[in-house]
Amino acid sequence: MIMGFPEQKHIGRNTTAWLYLAPNFLGFLSFTFIPVLFAIVLSFFRWDIFNPPQFVGFENLRDLLGMSIVNGKIAFNDPYFWKYLWNTVFLMLTIPVNMLVSLLIAIMLNHPLKCIGFFRSIFYLPTICGGVGILLLWSFIYNPEFGLLNQALALIGIKGPGWLTDCTWAKPAIMLMGTWGAMGGTNMLLYLAGLQGISEELYEAANIDGASVFQKFRHITLPMLRPTSFFIFIMSVIAGFQGGFDAAFILTGGGPAGATTTLSYYIFNHAFVWFNMGYAATIALVLFLIVLIITIINWRFGGNVHE
Amino acid sequence: MAMNEKPSSGTLRAGLKKALSFFHLKEGSFFYSYDREKLVSRGIIFLLLLIYISVTVYIFSQSGKIGISDSRKIKLVVAVPAGQETTKIYMELIKRFEVKNPDIKVELRDIAGNYYQKLLLMIVGNIGPDLMWMGQSFSEFADRGVFMDISERLKTDKDIDLANYESTVVRWYTQDGHIYGIPYGIDLKFLAYNKKLFRKAGLAYPRDNWTYEDFLENARKLTVVDKSGRISRFGFRGRLDYSLFGAQVISEDGKKILCNTPNMINYFKINLELQQKWRVTPRPEDEQQQGLDRYSYFSQERVAMMYFCTWDLFFIKTRFKDIDWDIVMNPKISKKTQWASSQGIVIAKNTKYPDAAWKLAKIFLSRDFQLAMSFECLPSDYRYAQEAVSLHTGKPENYPILLKMMKLLSPIPRVPHLQELFAGFNNVSSRVWNGLDTPETAMTKLEQSLNRKLQKFKTLQQHTEEK
């Protein structure tokens with residue numbers, strides 16, 4: 001045999017490849033694929049963890065999404081689900097702002113300045129330091145009396161609210177925190193990579209044509225970054241639907257008056273506080289379907305970005 | 001024939017096709033292949049999967065058996081919420097128990113944070129303890145058949161005389177007529193007040209027979225507004241309990257929602273008046289909880305009166321040592337009641353050693369243990385409660401009123417799904433305190449929502465019973 005590998009080596013190569021893939025594959029199977037399948041099956045059961053699951057068909061789904069007539073009025077069977085879905089969507093309103101700020105930072109950091117590595121590290125820092133520590137830091141910033149934010153507002157004569165305890169301000173406070181965390185993180189890095197992939201020749205041609213900075217940004221940078229923006233948008237939407245748990249769990253307990261409870265926190269409460277595993281799985285399934293539908297729409301719509 | 005050479009015979013191919021069609025396999029599908037190379041690769045994949053499934057099944061079947069066997073002794077595991085002071089007492093008690101019972105080994109698992117969630121996962125994972133600390137969430141677990149019924153043992157065991165316990169106390173760990181435990185301690189909520197601030201305001205110290213009018217008058221006089229119009233000290237922090245208004249969220253048997261009553265509406269209105277009309281208690285927007293612990297309000301004289309619980313006693317005695325403070329009973333509104341909860345040890349239904357577990361559970365009701373724990377809860381045995389009160393020294397001077405409070409206990413009914421039902425109540429209440437809903441609207445909505453939940457729980461119960 002002149003061309004290719006001998007037969008034995010061919011088999012060995014495939015086997016080696018499979019063996020390399022096996023740990024990741026088995027991990028994915030154990031901790032993602034099987035649990036997801038289990039959750040989907042579980043959504044058709046009532047299960048309080050202690051007793052055997054009880055098949056209830058679509059009853060959980062009806063309790064979650066259905067409506068009934070109460071005192072002559074149509075009411076949702078689970079009004080909290082809709083409220084928390086709204087909260088989740090509301091918190092995602094920052095996605096365009098986050099993207100814009102990330103893009104601006106990336107543009108700034110794309111210039112060949114001195115110590116640019118230092119600045120890039122500084123802006124990436126919130127992503128490295130993420131977690132409970134950051135949330136606690138924000139709880140100090142939001143302290144109504146001694147917090148940095150209200151102290152700063154007091155300097156210009158404004159009495160700041162109880163950021164995390166006031167129904168009106170709790171959501172914006174969580175959103176601001178999210179923007180701070182998202183603007184300099186992975187999104188910025190992706191934009192930076194996207195910017196560095198744009199050919200200099202395009203800008204040179206634009207310069208010859210006498211294009212202004214804004215025109216270059218509008219007609220070169222933005223269109224060339226469309227695939228990156230599209231990717232960031234999809235990932236942010238997916239993360240947004242799954243997000244809000246850590247802030248609710250650590251900072252607000254979902255309050256005040258459920259203002260910061262998101263679907264993921266609601267799922268946690270049903271599963272691990274109230275022991276309604278089947279119902280929690282149903283909410284998770286609905287959340288999965290929402291994310292799936294939005295992703296499919298985005299992909300179809302976003303197909304244009306490659307044209 | 002080379003190893004990867006496909007059979008040339010059309011007959012073989014046709015035969016294979018026919019055989020595979022029996023399994024509804026089509027040509028080109030994953031399983032349809034007689035290519036040796038692919039067969040070997042796929043064989044390895046299936047082998048790996050087989051190993052994976054076998055290992056997984058083995059691990060699941062072994063869960064609960066790992067690390068808890070001790071051939072020499074009976075081993076009991078006790079789960080309690082972690083606490084620096086309480087753990088010491090538990091350890092001491094267990095040590096003495098092991099000396100008296102050398103055949104029994106006791107392992108203490110003190111669980112830090114999210115106690116009930118972790119306990120739940122331990123039980124589900126088949127590594128649940130033999131005995132466990134239980135408080136407010138008793139019914140959540142009892143309803144799911146987690147605990148051992150000790151009714152018969154209590155009848156025959158001469159060491160425990162239920163006559164020494166208040167009927168409310170005995171009912172705490174009772175469900176459907178079955179007793180699952182007797183609490184060793186009672187948690188009480190009391191009103192602490194700063195005596196110096198009372199003196200400064202020219203007020204007499206509150207007495208245990210005071211009324212709502214007395215309370216309001218004192219709170220108004222104790223509230224201080226500074227020159228800028230900002231309230232620098234509130235007369236009172238917290239909310240007067242709804243039981244004082246004769247209101248309840250749910251009936252004691254857990255079958256009826258009672259939140260939408262004039263008494264409950266009155267509870268909201270009076271507390272809202274304290275916040276908004278009289279401005280004697282902080283509104284949610286005045287609350288400065290983040291980063292400032294609640295003890296600081298009292299120690300920094302930011303409030304003159306506020307609620308604490310018996311479990312705070314150990315800490316606040318040290319924290320408030322430089323403050324002249326005391327405690328007083330709730331003012332009488334329409335009823336004279338005291339919010340209360342309990343601490344107790346219950347036995348797991350599936351313990352391997354029910355007799356040894358019972359032996360151990362009894363020592364949590366002993367005089368020594370109840371007195372040792374009295375720094376954070378009042379002994380539930382009335383005799384030991386009296387002894388604890390007589391042994392008490394220092395602040396608060398009015399500590400003996402805890403004995404009076406024992407006669408006015410108004411616990412939250414221990415009903416199944418309590419946490420879920422009360423999460424709804426707390427959520428809706430929060431809307432009222434924040435001015436998003438009127439008490440009437442909120443309670444009407446809540447009543448509908450809770451009734452729907454009750455109906456759901458009832459259906460679930462019926463299904464379970466039918467099965």
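The values are calculated or read from the model by the stated rules, or taken from the named source; none is laboratory data. Nothing here was measured: the structure is a model prediction, and the numbers come from that model. With ideal geometry, Cβ positions are generated from the backbone for all residues, glycine too; neighbour counts draw on all protein chains shown. The protein model used for the area step is the full one, side chains on, heavy atoms only, and it has no ligands, DNA or RNA in it. Shrake-Rupley method; radii C 1.70, N 1.55, O 1.52, S 1.80 Å.
Filtering region A:253-272 down to residues that are part of a helix (DSSP H, G or I) and in contact with a helix residue (DSSP H, G or I) (Cβ under 6 Å, 6 or more places away or on another chain), which residue is surrounded by the fewest Cβ atoms within 10 Å (Cβ to Cβ)?
Top of the filtered list is A:Phe272.
Given the criterion over 30 Å from A:Ala170 (Cα atoms) and within 10 Å of chain B (Cβ to nearest Cβ), identify the matching residue among A:Asp63, A:Asp48.
Going through A:Asp63, A:Asp48 in turn, just one is over 30 Å from A:Ala170 (Cα atoms) and within 10 Å of chain B (Cβ to nearest Cβ): A:Asp48.
Within region B:165-222, how many residues are in contact with a Pro (Cβ under 8 Å, 6 or more places away or on another chain) and hydroxyl-bearing (Ser, Thr, Tyr)?
Number of matching residues: 6.
Kindly provide the set of residues from region A:230-246 that are among the small types (Gly, Ala, Ser) and either part of a helix (DSSP H, G or I) or crowded, with 21+ Cβ neighbours inside 10 Å (or both), ordered by number.
A:Ser236, A:Ala239, A:Gly240, A:Gly244 - these are the residues of region A:230-246 that are among the small types (Gly, Ala, Ser) and either part of a helix (DSSP H, G or I) or crowded, with 21+ Cβ neighbours inside 10 Å (or both).
On the given criteria, is A:Leu222 free of Cβ contacts under 8 Å to residues at least 60 places away in the same chain and open to solvent by 30 Å² or more (accessible area, probe 1.4 Å)?
Criteria met by A:Leu222.
Could you please find all residues in region A:206-219 being open to solvent by less than 50 Å² (accessible area, probe 1.4 Å) and aliphatic (A, V, I, L, M)?
Those that are open to solvent by less than 50 Å² (accessible area, probe 1.4 Å) and aliphatic (A, V, I, L, M): A:Ala206, A:Ala211.
Read through the list (1) open to solvent by 10 Å² or more (accessible area, probe 1.4 Å); (2) within 11 Å of chain A (Cβ to nearest Cβ), then give the number of the only condition that B:Gly424 fails.
So the condition that B:Gly424 fails would be (1).
What are the residue pairs meeting all of these: first residue in region B:428-453, first residue in the same structural domain as B:Thr281 (by TED's automatic domain parsing), second residue open to solvent by 60 Å² or more (accessible area, probe 1.4 Å), Cβ atoms under 6 Å, and 6 or more apart or on different chains?
From region B:428-453, the pairs are B:Asp437/B:Arg431; B:Ala442/B:Arg431.
Consider region A:142-191. How many of its residues are in contact (Cβ under 8 Å) with a residue 24 or more places away in the chain, assigned to a loop (DSSP other than H, G, I, E, B) and more than 14 Å from chain B (Cβ to nearest Cβ)?
2
For region A:273-287: of the residues being open to solvent by 10 Å² or more (accessible area, probe 1.4 Å) and without any contact (Cβ under 8 Å) to a residue 60 or more places away in the chain, which is farthest from the other protein chains (Cβ to nearest Cβ)?
Only one residue fits best here, namely A:Leu287.
At least 3 residues that are polar (S, T, N, Q) in each: list the helices (runs of 4 or more DSSP H) lying fully within region B:349-467 that qualify.
B:418-433, B:439-466
Among the residues of region A:126-141, which ones are surrounded by 13 or more Cβ atoms within 10 Å (Cβ to Cβ) and away from every other protein chain (no Cβ under 14 Å)?
Within region A:126-141, A:Pro126, A:Thr127, A:Gly130, A:Ile134 meet the criteria.
Name the residue, out of B:Phe364, B:Phe369, that is touching a Leu at 6+ places or on another chain (Cβ under 6 Å) and in contact (Cβ under 8 Å) with a residue 40 or more places away in the chain.
B:Phe369
Only residues that are closer than 16 Å to A:Glu59 by Cβ, at the interface with another protein chain (Cβ under 8 Å from one of its Cβ atoms) and either among the aromatic types (Phe, Trp, Tyr) or in contact with a strand residue (DSSP E or B) (Cβ under 7 Å, 6 or more places away or on another chain) (or both): list them for region B:440-463, please.
Selection gives B:Leu460, B:His463.
Report the residue count in region B:109-118 for those that are touching a helix residue (DSSP H, G or I) at 6+ places or on another chain (Cβ under 6 Å), modelled with pLDDT of 90 or more and open to solvent by 30 Å² or more (accessible area, probe 1.4 Å).
Residues that pass the stated criteria total 1.
Which count do you get for residues in region B:301-324 that are touching a residue at least 60 places away in the same chain (Cβ under 8 Å), closer than 25 Å to B:Ala372 by Cβ and among the hydrophobic types (A, V, I, L, M, F, W, C)?
Summing the residues that are touching a residue at least 60 places away in the same chain (Cβ under 8 Å), closer than 25 Å to B:Ala372 by Cβ and among the hydrophobic types (A, V, I, L, M, F, W, C) in region B:301-324 gives 7.
Return a yes/no flag: does region B:254-269 have any residue that is open to solvent by less than 40 Å² (accessible area, probe 1.4 Å), farther than 30 Å from B:Leu371 by Cβ, in a helix (DSSP H, G or I) and at pLDDT below 95.
no
Does region B:353-373 hold any residues that are of a type in the set (Gly, Ala, Ser) and open to solvent by 30 Å² or more (accessible area, probe 1.4 Å), and which are they?
The answer is B:Ser366, B:Ala372.
Can you say whether A:Leu42 is within 14 Å of chain B (Cβ to nearest Cβ) and modelled with pLDDT of 85 or more, as far as the supplied structure shows?
Against the criterion (within 14 Å of chain B (Cβ to nearest Cβ) and modelled with pLDDT of 85 or more), A:Leu42 qualifies.
Residue check: is B:Glu376 open to solvent by 10 Å² or more (accessible area, probe 1.4 Å) and in the same structural domain as B:Met329 (by TED's automatic domain parsing)?
Here the answer is no, as B:Glu376 does not meet what is asked.
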